[in-house]
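Chemist: Please find one structure pasted underneath; my questions will follow.
Rule-based calculations on the coordinates, nothing more; no lab input. Predicted model, so just to flag it, every value in this text is computed and none were measured. Cβ placement follows ideal geometry from the backbone for every residue including glycine, while neighbour counts extend to all protein chains displayed.
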Amino acid sequence: MDTTALRSAYGRLLDVAAMPDLGDAGDGGWNADQILAHLISVDAAIAAVALGVVSGSRPTFDNRITLATWNLDRIIAEHSGRAELIDHVRSQATVLCDIADQLNGEATSVPVPSLILSNDALVLDQPIPLAALIDGLAEDHVPVHAQQLLDLRVPILGHS
């Protein structure tokens, strides 16, 4: 599998996450630490699915645990601050990409029953090829969260 786009998407996200002026969401949404914790959880879950496919099992992907406040709080509490969360996202994304790089066509075409929610709305409830699950990170998931982080930037007085 080619992970060039995914690695690039993570590079951009990590650059944004390292910005010093990230505040809280004005709409009561996730803060930067919660977004990073969510990414850690999603990447671990998808890496586990990919490894499960390679092992011969037929795992499912259900992102509800990656959205659970108690789980995000647990992940945040396990880190000493934002820099450590960013480092964990970086290493977790590297692990996921390294696994995906080694997937052959047979593995990437295995259908993975998937349940994906976003903002309490059902996005997907059907099997999709493992490749589509991983590619969806680069095409949508990571860029959306990079923009979400950018939207948390606190305006500096005198600058727009």
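Chemist: Quick one, which of (i) 15.0, 53; (ii) 18.0, 50; (iii) 16.0, 58 is the actual Rg and Dmax of the Cα atoms in Å calculated for this model?
Modeler: Computed from the coordinates, Rg and Dmax of the Cα atoms in Å corresponds to (iii).
Chemist: Quick check: Cα centre of the range 1-58 to Cα centre of the range 107-123, how many Å?
Modeler: 15
Chemist: Suppose R0 equals 30 Å. What FRET efficiency, 1/(1 + (r/R0)^6) with r the Cβ-Cβ distance, do D15 and A48 give to the nearest 0.05? Spell out each step's value before the answer.
Modeler: On the way: r = 27 Å, r/R0 = 0.90.
In this case the efficiency is close to 0.65.
Chemist: Does anyone have the angle between helix 32-55 and the longest principal axis of the chain? Alpha-carbon axes, 0 to 90°, nearest 10?
Modeler: Approximately 10 degrees, to the nearest 10.
Chemist: Counting other Cβ atoms within 10 Å, which GluC sites (Glu not before Pro) in the range 71-125 have at most 13 and lie in a DSSP loop? Spell out each step's value before the answer.
Modeler: Numbers: sites: E78, E84, E106; in loops: E78.
Taking the range 71-125 and a limit of 13 other Cβ atoms within 10 Å, the loop GluC sites (Glu not before Pro) found are E78.
Chemist: Go ahead and estimate [θ] at 222 nm for the chain from helices alone: -39,500 (n - 2.57) per DSSP H run with n ≥ 4, summed, over the residue count, rounded to 500.
Modeler: Numbers: 8 runs with 91 residues, N = 160.
After summing the helix terms and dividing by residue count, I get -17500 deg cm²/dmol.
Chemist: If you take the beta carbon distance between D125 and N71 as r and set R0 to 22 Å, what does 1/(1 + (r/R0)^6) give as a FRET efficiency, to the nearest 0.05?
Modeler: Values: r = 21 Å, r/R0 = 0.94.
It comes out at approximately 0.60.
Chemist: Considering amide H positions built from the backbone, and no H for Pro or chain starts, which residues 5 or more places from D62, or on another chain, come under 5 Å of its amide H?
Modeler: L115
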